[in-house]
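In what follows, a single structure is set out as structure tokens and then discussed.
The values are calculated or read from the model by the stated rules, or taken from the named source; none is laboratory data. Computed from a predicted structure; not experimentally measured. Note that we place each Cβ from the backbone using ideal geometry, even for glycine, and neighbour counts take in every protein chain shown.
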Amino acid sequence: MYIRYISKILMFLTCFSLVNSESVHSPSFPWDLSMDYLEMQHMKLKYGLTGIPPITNRSAPYPVYDNCMAYLEEFGKYASKFIKCTVEKARPFRFCEECVIHYKLTIELYSNILEDDKDKDDCKSLLLNADRIQVLNEIYNNIEQIWKEANCKGCFRSVAVDVNGTVVYKYSKDTMEFMDKYKVVSACLRHNQAHGDGNNSVCEVCRGNYTQLNSFFKKVRAAKKDSVCMDLVDMMNYTRLMWGQQLHCSRHSPDDAVVVIIAVALLALPVVFYVGARYFVVRTKRKLMLQKRMSQVAAQTLFIRGAASSTSKDDEETQLLSTSFS
């Protein structure tokens, strides 16, 4: 993620070096025809005038549309400061809290350009929509993307520009509480590393403070669904690395071992049961048993057949006797 941030930032460093240069005109030409065209376009939009602008004060970089070019210069200045701050605060990552002033001034100036209409100087058309590349729009979009991907908005409760042009911001409640706990842990680790008797002493003394910080960070991350300000994420990550890898303070509780043993035993029970049943249980042969109901039906059928045969024999004997008497 950090590499992606840096690659986007480096794309625009060359562009901003032009803005900060002492002169925007090429020394090889007495004047710049591009500047002439923009001046003519500005005069046409604002005053309805046409024609070539007078070449009387070519030493001044922007003789006619000073307001629009002032926007451009200010945007370049603020944006270049923001990108410089972003690069400098990439390691350790303190980008959100350290670069918020440059970010807000850049975004505020861009908003002013968007709001500029034909009743003023129509700077929006001249600066933002004059060409296909739309450099200012691209720079603005990348600044906003970096700020959004770092979840910097989550660090602050409010960020505003007052009437004097000063950026005023307030940290969020979670950020303030995390900072307080982080300072306590940092002070404890540094103090006990310098004056302690070894890592074991540091771990025992600072364990309570570290546990509070770690638990609070987990609660904030769960509440915000992992959309935590990257400044806080970076602080917590390096604190955990210091605690676990450098000081070797991480240890498993005996209760954890008991839980693991019970879980393994429960998972192994079905396997043991089926293996035991396979080798130690004697199989019984199945026998087909005639149901009682079927035997009763068969007996009744035999009885009826026997009665019918005996009746037919009696009838035959009766016929024979009657024949003999006659």
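Please specify each residue of region 149-170 satisfying the condition of being over 12 Å from residue 231 (Cα atoms), outside any loop (DSSP other than H, G, I, E, B) and either among the small types (Gly, Ala, Ser) or in contact with a Phe, Trp or Tyr (Cβ under 6 Å, 6 or more places away or on another chain) (or both).
158, 159, 160, 169
What residue, among those in region 152-167 that are in contact with a Ser or Thr (Cβ under 8 Å, 6 or more places away or on another chain) and within 18 Å of residue 102 (Cβ to Cβ), is surrounded by the fewest Cβ atoms within 10 Å (Cβ to Cβ)? Write out each step before concluding.
Narrowing region 152-167 to residues in contact with a Ser or Thr (Cβ under 8 Å, 6 or more places away or on another chain): 154-157.
Narrowing further to those that are within 18 Å of residue 102 (Cβ to Cβ): 155-156.
Values: 155: 24, 156: 17.
Taking the candidates together, the pick is 156.
Considering only region 90-112, I want to know if a residue exists there that is modelled with pLDDT of 75 or more, more than 24 Å from residue 232 (Cβ to Cβ), out of contact with any Phe, Trp or Tyr (no Cβ under 7 Å at 6 or more places or on another chain) and acidic (Asp, Glu).
Yes, some residue in region 90-112 is modelled with pLDDT of 75 or more, more than 24 Å from residue 232 (Cβ to Cβ), out of contact with any Phe, Trp or Tyr (no Cβ under 7 Å at 6 or more places or on another chain) and acidic (Asp, Glu).
Per-residue answers, yes or no, for (1) surrounded by 14 or more Cβ atoms within 10 Å (Cβ to Cβ); (2) in contact with a Phe, Trp or Tyr (Cβ under 7 Å, 6 or more places away or on another chain); (3) at pLDDT below 90; (4) small (Gly, Ala, Ser):
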residue: 176; (1), (2), (3), (4): no, no, no, no
residue: 181; (1), (2), (3), (4): yes, yes, no, no
residue: 188; (1), (2), (3), (4): yes, no, no, no
residue: 206; (1), (2), (3), (4): yes, no, no, no
residue: 216; (1), (2), (3), (4): yes, yes, no, no
residue: 228; (1), (2), (3), (4): yes, no, no, no
